[in-house]
1. Say we look at region B:215-236 and pick out the residues that are free of Cβ contacts under 8 Å to residues at least 60 places away in the same chain, closer than 22 Å to residue B:67 by Cβ and away from every other protein chain (no Cβ under 11 Å); which of these is surrounded by the fewest Cβ atoms within 10 Å (Cβ to Cβ)?
2. Among the listed residues A:185, A:127, A:137, which satisfies the condition of being free of Cβ contacts under 8 Å to residues at least 60 places away in the same chain and out of contact with any strand residue (DSSP E or B) (no Cβ under 8 Å at 6 or more places or on another chain)?
3. Return the total of residues in region B:89-133 being assigned to a loop (DSSP other than H, G, I, E, B) and either more than 9 Å from chain A (Cβ to nearest Cβ) or within 22 Å of residue B:68 (Cα to Cα) (or both).
4. Tally the residues that are farther than 20 Å from residue A:29 by Cβ and either within 11 Å of another protein chain (Cβ to nearest Cβ) or crowded, with 16+ Cβ neighbours inside 10 Å (or both), restricting the search to region A:42-86.
5. Considering region A:29-56 alone, what residues qualify as being closer than 25 Å to residue A:109 by Cβ and not in a loop (DSSP other than H, G, I, E, B)?
6. Kindly indicate whether any position in region A:87-104 is more than 7 Å from every other protein chain (Cβ to nearest Cβ), within 29 Å of residue B:83 (Cβ to Cβ) and within 18 Å of the chain's Cα centre (by Cα).
7. Output the number of the condition that residue B:22 fails; it satisfies all remaining conditions of (1) more than 14 Å from chain A (Cβ to nearest Cβ); (2) assigned to a strand (DSSP E or B); (3) touching a helix residue (DSSP H, G or I) at 6+ places or on another chain (Cβ under 7 Å).
8. Considering (1) buried (at least 23 other Cβ atoms within 10 Å of the Cβ); (2) away from chain A (no Cβ under 13 Å); (3) touching a strand residue (DSSP E or B) at 6+ places or on another chain (Cβ under 6 Å); (4) under 30 Å from residue B:197 (Cβ atoms), say which one residue B:13 fails and leave the rest.
């Protein structure tokens, strides 16, 4: 299956380190050829456009399709063919539709290789918070995130390194309600690629123009310098 | 002779009474049985418990049912929509109860209910707010939370084609909750784009066997929810 062309980024604010497309490209290049992958809403959606030539990844959308293709032009959008973000998609040759219980059996049963999600906070123990803040009056909504982190073999977070107001998203301990406990394997941000290990956060790569000290200042937990080779996922 | 065809959406929902538990298919607008929901709005029944992934868009479909005060509780995974403030307003006013369930747990609870399984253990949500107060048990050194199967009095779903036996095939990602909701309800009502002769659906390709479906209503050109929302439509 061939993959979707890049969609333009919604935001193009001045940006430290890697761009969103570069972040997505790093993830796409680190996923093993032949993997089954679920992409979350937001920056993770960009990963589909950066699969290396010669590699084939099969993208899953939890509302019921394996073999997600690029978005259609407006004239070919079908309200019955959408992704988990409720946006129009296409189905590639070799695709398969299925109902929700089968879709989540794929997820929970460990059949999917990689889940790429956004995050509000990730703790040094791999706890993930990405479904609600502590805001009073917020309407709680969880969707499929808790199932993905509980069941998919490798869980990748792809997110900006800090919040819009500059607060670290990588922290010692999450202050927001958890999506899962000890579930995150690796984090890709605009500043670094960081593994979550038994020793906490281990830095595998840093974006050009960023020093280890810069990174440490923008991170809310200790960092171990482990720059060099990183493993292919899952 | 078995013939599950019903002439109109109104007739198909005529025995849904106050206080009923109703599963409503759809993921966003894909698979949402909008004509059946509007027939339920027209009936004016109240005190419904609705089991559905979302809580509707704009002021039509499920959002209209909620807006008219007909729903007292929703069991749901994602009750937020960029296009609707109906559920949030009623929820903040304490006018509707919410049981929030992770999406895969919601699907499995429905599947279990339809398969005669009263409860099961899942790894989803362990250690989170959504597991609080629930029984947990360890299998093979890993913790799991117990969840109950869900059953309903009625299911309203949308499929693509049906025959008089109630066999169903769906369209693309509009399949979503349809097959499992038909299994988990005492009376499953399907609105379909086309009713065909028995034998026209390939038995190898039928997604929902007719035993799970009690009523079939043909709606040749269903309203498209996103267009109604874009145009600011309200139901009725």
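1. Pass one, region B:215-236, residues free of Cβ contacts under 8 Å to residues at least 60 places away in the same chain: B:220-221, B:227, B:230-231.
From what's left, closer than 22 Å to residue B:67 by Cβ: B:227, B:230-231.
From the residues that got through so far, the ones that are away from every other protein chain (no Cβ under 11 Å) too are B:230-231.
Values: B:230: 12, B:231: 9.
Within region B:215-236, the match that is surrounded by the fewest Cβ atoms within 10 Å (Cβ to Cβ) is B:231.
2. A:137 is the lone residue from the list that is free of Cβ contacts under 8 Å to residues at least 60 places away in the same chain and out of contact with any strand residue (DSSP E or B) (no Cβ under 8 Å at 6 or more places or on another chain).
3. Our first condition is that a residue be assigned to a loop (DSSP other than H, G, I, E, B); within region B:89-133, this holds for B:93-96, B:101-102, B:115-118, B:123-128, B:132-133.
Filter again for either more than 9 Å from chain A (Cβ to nearest Cβ) or within 22 Å of residue B:68 (Cα to Cα) (or both), leaving B:93-96, B:115-118, B:132-133.
So the answer is 10.
4. Applying the first criterion (farther than 20 Å from residue A:29 by Cβ) to region A:42-86 yields A:61-67, A:69, A:71-86.
Next cut, either within 11 Å of another protein chain (Cβ to nearest Cβ) or crowded, with 16+ Cβ neighbours inside 10 Å (or both) only: A:61-67, A:69, A:71, A:77-86.
So the answer is 19.
5. The initial filter retains those residues of region A:29-56 that are closer than 25 Å to residue A:109 by Cβ, namely A:30-41, A:44-45, A:47-48, A:51, A:55-56.
Hits for region A:29-56 are A:30, A:31, A:36, A:37, A:38, A:39, A:44, A:45, A:47, A:48.
6. Yes, region A:87-104 contains a residue that is more than 7 Å from every other protein chain (Cβ to nearest Cβ), within 29 Å of residue B:83 (Cβ to Cβ) and within 18 Å of the chain's Cα centre (by Cα).
7. All conditions pass for residue B:22, except number (3).
8. (3)
The values are calculated or read from the model by the stated rules, or taken from the named source; none is laboratory data. Quick caveat: nothing in here was measured; it's all calculated off a predicted structure. In this analysis, Cβ positions are derived from the backbone assuming ideal geometry, glycine residues included, and neighbour counts consider all displayed protein chains.
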